[in-house]
Amino acid sequence: MTDLYRLVSPEKLELYDLKKDGKLVFCQSIEAANFNFKKIRHLILSAYFVNWDMTRIENTAYQPRGDANLFASKSLFEKENLIITAPYLNISTGFWAQAWAPKDKLVSILKNIPKRAKIYAESIAISANDNTTFWQSGPITLNNSDETGFAARHSATIHGKVVATLDGFNFMPRAAFNLFKQKKPYALILAGLALFASIIFAWEYSIKDALRNNREPAAIFDNRLLGLELINTIQNFVPNGAAERMTFDQRTKETHLTFVSKTKATKFFEIVLTSPESTGDWDISITDYTVIFKERGGDQ
């Protein structure tokens, strides 16, 4: 069972059982002032609240926006004070229909309506079984119009039966009111893209590196120039002008001191070799003009 409500006037609300084939079965009348509108999911507004019009547009390819107001010139209300339905085309007749209602006439009644509720104009969404059936919609009498495919209004006295409820009528969910304007998704899309970009950036420059370093720790190199400490020890043993150059081999942990002559190299080698207290952490050797200091424990 689907509940469909019809707001006839500010005081009167009707409840209908909406069948799967669109048929309405009247259930009861309700005092609107004491009703909790948060219960409503489907609501029809009578002609007491709504005005509407129809027009035929020769351009069959015409497709108005959902928020277009086809009959703005026929309304006495400012755009800001109106709610409207989306334009609706009856394909059988070629007529477009649209309904509108002033907000200040509805705000006190619909202020508690849920945002997911669907609200329709009776003149567009309701039809009788035949065109000879008249029904009362607020202060106006309606019946089906063969020409437009929507309800026609009658302000003159109708000689015949005019029914008060929509029992046995048909409901078609055509052209709901844009009561709650949907926010444009641009800002949401941009925010989503920014979040996605930040995730990619964090993955590329932070998280991925952290995971890689955890799986494959980076090699740590000892970049100290080991021979610098040695210089302080041996510089007093080197005669002025005797040394030509000093080089460091970090891989083999060696320091090479090259002299200007083999004689000076040999003399220096003999001096430092007899001073183990000064060079105790180094193995010392000589090759031609070069005295080699190798840190003990280094590569062979």
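The values are calculated or read from the model by the stated rules, or taken from the named source; none is laboratory data. Because the structure is a prediction, the values reported are computed rather than measured. Reconstructed Cβ throughout: ideal geometry from the backbone, glycine too, with neighbour counts over all protein chains shown.
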Test: residue in segment 49-70 that is touching a residue at least 24 places away in the same chain (Cβ under 8 Å) and within 19 Å of T165 (Cα to Cα): yes
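Answer yes or no: is there a residue in segment 177-188 that is in contact with a strand residue (DSSP E or B) (Cβ under 8 Å, 6 or more places away or on another chain), at pLDDT 80 or above, surrounded by 13 or more Cβ atoms within 10 Å (Cβ to Cβ) and closer than 23 Å to L13 by Cα. It would help to see each step written out before you state the result.
So in segment 177-188, the residues in contact with a strand residue (DSSP E or B) (Cβ under 8 Å, 6 or more places away or on another chain) come out as 177-179.
Narrowing further to those that are at pLDDT 80 or above: 177.
Still in the list and also surrounded by 13 or more Cβ atoms within 10 Å (Cβ to Cβ): 177.
Add one more test, that the residue is closer than 23 Å to L13 by Cα, and what stays is 177.
Yes, segment 177-188 contains a residue that is in contact with a strand residue (DSSP E or B) (Cβ under 8 Å, 6 or more places away or on another chain), at pLDDT 80 or above, surrounded by 13 or more Cβ atoms within 10 Å (Cβ to Cβ) and closer than 23 Å to L13 by Cα.
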Within segment 101-113, considering residues that are β-branched (V, I, T) and surrounded by 16 or more Cβ atoms within 10 Å (Cβ to Cβ), the one modelled with the highest pLDDT: I113
Checklist (1) assigned to a loop (DSSP other than H, G, I, E, B); (2) surrounded by fewer than 19 Cβ atoms within 10 Å (Cβ to Cβ); (3) touching a Lys or Arg at 6+ places or on another chain (Cβ under 9 Å) applied to S29, failing item: (1)
Matching option when the condition is among the hydroxyl-bearing types (S, T, Y), in contact with a helix residue (DSSP H, G or I) (Cβ under 9 Å, 6 or more places away or on another chain) and buried (at least 17 other Cβ atoms within 10 Å of the Cβ), among Y16, Y5: Y5
So R116, is it free of Cβ contacts under 8 Å to residues at least 24 places away in the same chain, out of contact with any strand residue (DSSP E or B) (no Cβ under 9 Å at 6 or more places or on another chain) and surrounded by fewer than 16 Cβ atoms within 10 Å (Cβ to Cβ): no
